[in-house]
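Take a look at the structure set out below.
The values are calculated or read from the model by the stated rules, or taken from the named source; none is laboratory data. In this text the structure is predicted, and so the values were computed from the model without any measurement. Note that we place each Cβ from the backbone using ideal geometry, even for glycine, and neighbour counts take in every protein chain shown. Ligands, DNA and RNA are stripped out before the accessible areas are found, and what is left, the full protein with its side chains, is counted by its heavy atoms. Shrake-Rupley method; radii C 1.70, N 1.55, O 1.52, S 1.80 Å.
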Amino acid sequence: MATALESTSAKQHRLGELREFLMSRRARVSPAEAGLPDGGARRRTPGLRREEVAVLAGVGVSWYQWLEQGRDITVSPQVLDSVARVLRLSPAERRHLYVLAALNPPALEAAPEDRDMCQGLRRLIDTWMPFPAHIMDVYWNTVLYNDAAAIVLGMRPEASQNCLVTFFTDPLYRSRMGHWEELAPRVVAQFRSACSECPDDEGFRAVVEELKELSPEFAELWERRDILPGGQNRKEMEHPLVGTLVVEATQLRVPARPDLVIVMHTPLPEADTAAKLEWLVSPEGRRGAMYPVAG
């Protein structure tokens with residue numbers, strides 16, 4: 001149902017877009033794809049007929065006709081999901097249908113054809129060298145990281161693969177992170193913001209419960225219930241080989257992979273950080289940064 005703040009012209013435009021969208025999606029689904037006989041040469045309608053969509057979706061024929069005509073009728077998420085199933089909508093198209101029907105759209109999800117993007121994302125973070133970059137899933141579990149992230153941030157196979165758990169419990173990471181106490185509340189607030197997008201997700205709850213057991217500092221910050229969107233965090237680090245490093249960590253998202261977050265660290269002008277990072281990933285720097293590294 002349209003919101004009270006939606007103007008008449010905006011509402012008419014939205015409903016017109018809904019009409020055209022449903023007609024175009026219906027036209028591209030063949031009867032065979034829907035499990036129906038095609039009717040041979042007698043069939044004049046491209047794709048499915050309105051009546052067929054209604055029957056397959058389990059809704060009234062008149063109701064579906066009104067929906068496709070762009071009438072201002074009440075719709076429910078359950079019915080829209082049935083229509084989306086019959087019309088074989090992609091996750092992005094399903095969200096678009098919700099928006100056009102003036103309902104809160106479902107959470108973003110990756111389409112099957114977009115799930116094999118890791119090779120391209122690996123090339124992206126490797127191209128970011130000599131600066132650290134890594135990729136997390138929605139729970140902040142590490143998916144990929146480049147060599148600079150290993151050398152500078154201490155990312156390594158034997159450490160926890162959850163970035164939030166690492167932030168609070170990894171001695172190597174904490175020993176390098178300057179102003180840790182100032183950054184910690186921001187990090188927790190950003191994770192709570194990510195949780196708020198999926199309040200019933202057991203994966204988020206598992207991370208939170210684990211950290212409550214491991215870190216009293218996290219438990220205290222979590223109870224503050226602060227919320228901050230993921231964006232940029234300034235990080236000052238003390239590396240045992242080059243001293244002070246000052247970077248800006250920026251969270252980026254790829255629309256086709258809403259389940260992933262790319263974190264890219266950009267050197268700031270202070271402390272000659274860019275030159276130090278270039279040295280750390282050089283052959284000479286790599287020899288000095290082999291694990292384990294004290295401090």
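Looking only at residues of segment 197-245 that are out of contact with any helix residue (DSSP H, G or I) (no Cβ under 9 Å at 6 or more places or on another chain), in a helix (DSSP H, G or I) and of a type outside the set (D, E, K, R), we find that the one that is most open to solvent (accessible area, probe 1.4 Å) is P216. Scanning segment 115-155 for residues that are at pLDDT below 90 and either in contact with a strand residue (DSSP E or B) (Cβ under 6 Å, 6 or more places away or on another chain) or among the basic types (K, R) (or both) yields R115, M117. Looking only at residues of segment 246-262 that are of a type in the set (V, I, T) and more than 21 Å from C118 (Cα to Cα), we find that the one that is surrounded by the fewest Cβ atoms within 10 Å (Cβ to Cβ) is V246. For V83, the criteria (1) under 22 Å from A32 (Cβ atoms); (2) crowded, with 18+ Cβ neighbours inside 10 Å; (3) of a type outside the set (F, W, Y); (4) within 23 Å of the chain's Cα centre (by Cα) hold in every case but one, which is (4). All conditions in (1) free of Cβ contacts under 8 Å to residues at least 24 places away in the same chain; (2) under 30 Å from A271 (Cα atoms) hold for E220, with the sole exception of (2). I'm trying to understand the selection: among the residues of segment 137-172, which are assigned to a loop (DSSP other than H, G, I, E, B), hydrophobic (A, V, I, L, M, F, W, C) and closer than 20 Å to S193 by Cβ? If the condition is that a residue be assigned to a loop (DSSP other than H, G, I, E, B), hydrophobic (A, V, I, L, M, F, W, C) and closer than 20 Å to S193 by Cβ, then V138, W140 are the ones that fit.
Here's the yes/no breakdown for (1) over 21 Å from Q12 (Cβ atoms); (2) in contact with a Cys (Cβ under 7 Å, 6 or more places away or on another chain); (3) loosely packed, with under 15 Cβ neighbours inside 10 Å; (4) not basic (K, R):
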{"position": "G47", "(1), (2), (3), (4)": "yes, no, no, yes"}
{"position": "R50", "(1), (2), (3), (4)": "yes, no, no, no"}
{"position": "V55", "(1), (2), (3), (4)": "yes, no, no, yes"}
{"position": "W63", "(1), (2), (3), (4)": "no, no, no, yes"}
{"position": "L67", "(1), (2), (3), (4)": "no, no, no, yes"}
{"position": "I73", "(1), (2), (3), (4)": "no, no, yes, yes"}
{"position": "A92", "(1), (2), (3), (4)": "yes, no, no, yes"}
{"position": "L108", "(1), (2), (3), (4)": "yes, no, no, yes"}
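Within segment 223-253, the residues that satisfy the criterion of being basic (K, R) and either over 22 Å from I125 (Cα atoms) or in contact (Cβ under 8 Å) with a residue 24 or more places away in the chain (or both) are R224, R225, R234, K235. Pairing each residue of segment 176-202 that is closer than 24 Å to E238 by Cα and free of Cβ contacts under 8 Å to residues at least 12 places away in the same chain with any residue that is surrounded by fewer than 19 Cβ atoms within 10 Å (Cβ to Cβ) and not aromatic (F, W, Y), provided the two are 6+ apart or on different chains, yields C-beta distances under 8 Å for W180/R174. Write out, first by first residue and then by second, each pair whose Cβ atoms fall under 7 Å of each other, whose residues are 6+ apart or on separate chains, and whose first residue, in segment 268-290, is open to solvent by less than 100 Å² (accessible area, probe 1.4 Å) while the second is hydroxyl-bearing (S, T, Y) and at pLDDT 90 or above. Once the first residue is open to solvent by less than 100 Å² (accessible area, probe 1.4 Å) and sits in segment 268-290, its partners that are hydroxyl-bearing (S, T, Y) and at pLDDT 90 or above give A271/T244.
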